[in-house]
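The next block holds one structure in the form of structure tokens; read it before the comments.
The numbers here are math on the coordinates, done by the rules we state, and not lab data. Quick caveat: nothing in here was measured; it's all calculated off a predicted structure. Heads up, the Cβs are rebuilt from the backbone with ideal geometry, glycines too, and the neighbour counts pull from every protein chain shown.
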Amino acid sequence: MLRRKTFIFCTSFFVFHSLFGQDLVWNKNKMEYIREYKSTNKGYQESVSYIIKYADSVMQKRDFPRVTRKKIDTNITKDIHNYVSYATYAWPDSSKINGLPYIIKDGKINHSLANIDFRNLTFLNKRCESLALAYFFTKNKKYVKRLSSYLRVWFIKEDTKMNPNFNHSQVLPGKNKGRIIGVIDGINFLGIIESVDLAKSSGGLSTNEYLKIKEWFKKLLRWFNLSHIGSQGFKLKNNIGTAYQMQRIAYTSFIGYRNKLIDITRTNLVQLLDSQFDSIGKQRFELKRTKPCSYSLANLTYWYNIYKILINNNLSNNITDRIKKTIKRGFYFIENQNPKGCNSNHLATFYLLKKFSYANFDSSEIKINEDKGRLLNSFNFIVYKVTLF
């Protein structure tokens, strides 16, 4: 009987990993468990139902997120395939007649700026994640068919695809045509990458299409490492520096450059980690900002993603141990010191990190309702709940 159970488990594990390929951040074994036992767990059942409902709403949409939807500003770039976004906290300078150059008001979002590409990239991420998960939990091919269409439009089709760079991201009007901190927009690609292997293995993408997407990310990684703007990311110290390294690690993992992944781990991570955290988990750069709680939690989440990617690539070592211990200290500091700006809207990230910090915390028992904070029934939290732990 034991041999039979072992055989079934090993066979299931092999088929499952063949389906998905290399793990990135998602915990595929946990997802497989949820698919098998969601009917007996109300929390998981509600979460999966939420994802399917969200994916069904995506199926009703007729637009396809793409960089070619915007009205191009030739003062920034003449190539409509270049991704363009404006500084989130940029505002006209009231002391200047034309307001130029814009100035930064940290923490104050200017919603009047036409960040069409950024919104489309965010939409693409959420839609790809929801469709991939809906397909996994239902095996309904309609979800992966739509998912594959989204991927083709953004990465493959000549008339709609994005050029693989962030040269014109987080533009400060009147001052520059793009900044290195614009790499923060690329954090959306992690969820998209998670869906690509599923689209390929399920037949939604052909082998040739899959390789074209991998080639696209090779070019983006080359931009990170070697371009004039991209290589400036090595000097970033705060949470954007972490997001920069997280993306380098994610793209390197997806492409399959294991030796380069080891090099990044050895040469870049420890110095960045030590520069950001003190011995009690205080994040010196984030606590100076206008929204210290938000930035601190974002940074811890980026480090958590780095940790997961390294572990999923079998790179467990003293560096990953240090990252895990630092994340715990960072969480304890926030929980005990309650830095400015922490409120119920941060509960989703708190629960994510708490699950990581305390082995006896079961995120499946969290009820999805408004009194737990509005993020607890948000798309992002549901994805955390069914994919990470």
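Remarks
- Centre separation in Å (Cα based) which lies between region 47-64 and region 182-259: 25
- For the chain, size of Cβ-based charge dipole, Lys and Arg +1, Asp and Glu -1, in debye: 260
- Residues Glu46, Glu158, arranged from fewest to most other Cβ atoms within 10 angstrom of their Cβ, appear as Glu158, Glu46.
- Helical segments meeting 18 Å axial Cα length and Kyte-Doolittle 0.0 threshold in the chain (DSSP H): 2-20, 116-138, 189-201, 239-255, 292-312
- Label corresponding to Kirkwood radius over Cα pairs in Å when calculated from the structure given, among (i) 22.8; (ii) 22.0; (iii) 23.6: (ii)
- Pairs of lysine residues in region 145-230 that meet both criteria, 8 or more places apart or on different chains and Cα atoms under 22 Å apart, total 21.
- Order of Phe285, Phe166, Phe381 - criterion: other Cβ atoms within 10 Å of each residue's Cβ, fewest first: Phe285, Phe381, Phe166
- Calculated FRET value between Arg322 and Thr290, using beta carbons and R₀ = 30 Å, to 0.05: 0.55
- Sequence-separation-based contact order of the chain, relative, with Cα cut under 8 Å and 6+ spacing, percent: 18
- Mean residue ellipticity, 222 nm, helices only, the chain: the sum of -39500 (n - 2.57) across DSSP H runs of n ≥ 4, divided by residue count and rounded to 500, is -17500 deg cm²/dmol.
- For region 58-131, the number of Lys pairs with C-alpha atoms closer than 29 Å, counting only pairs eight or more positions apart or on separate chains, is 19.
- Multiplying the residue separation of Ser227 and Ile262 by 0.36 nm and subtracting their alpha-carbon distance yields 10.4 nm.
- Overall form of region 200-334 per C-alpha gyration tensor (a/c, 1.5; a/b vs b/c): prolate
- Computed extension length for Thr74-Lys30: 11.1 nm, one decimal, from 0.36 nm per residue of separation with the Cα-Cα distance subtracted.
- Amide proton proximity set for Tyr86, modelled H, under 5 Å, gap of 5+: Gln170, Val171
- Electrostatic bookkeeping for Tyr295 treats Lys and Arg as +1 and Asp and Glu as -1; over the other residues with beta carbon under 12 Å from its beta carbon, the sum is +3.
- Distant-in-sequence amide contacts of Ile103, defined by a placed amide H-H separation under 5 Å and a gap of 5 or more residues or a different chain, comprise Trp91, Asp93.
- Protection proxy ranking of 217-230, 289-302 - average other beta-carbon atoms within 10 Å, highest first: 289-302, 217-230
- Global geometry of region 267-307, whether rounded, prolate or oblate, following the gyration tensor of its Cα atoms and the 1.5 cut on a/c: oblate
- Peptides ranked, highest mean first, by Cβ atoms within 10 Å: ranges 95-105, 262-272: 262-272, 95-105
- One decimal place: the segment Asn176-Lys219 gains 13.1 nm when fully extended, by the rule 0.36 nm per residue minus the C-alpha distance.
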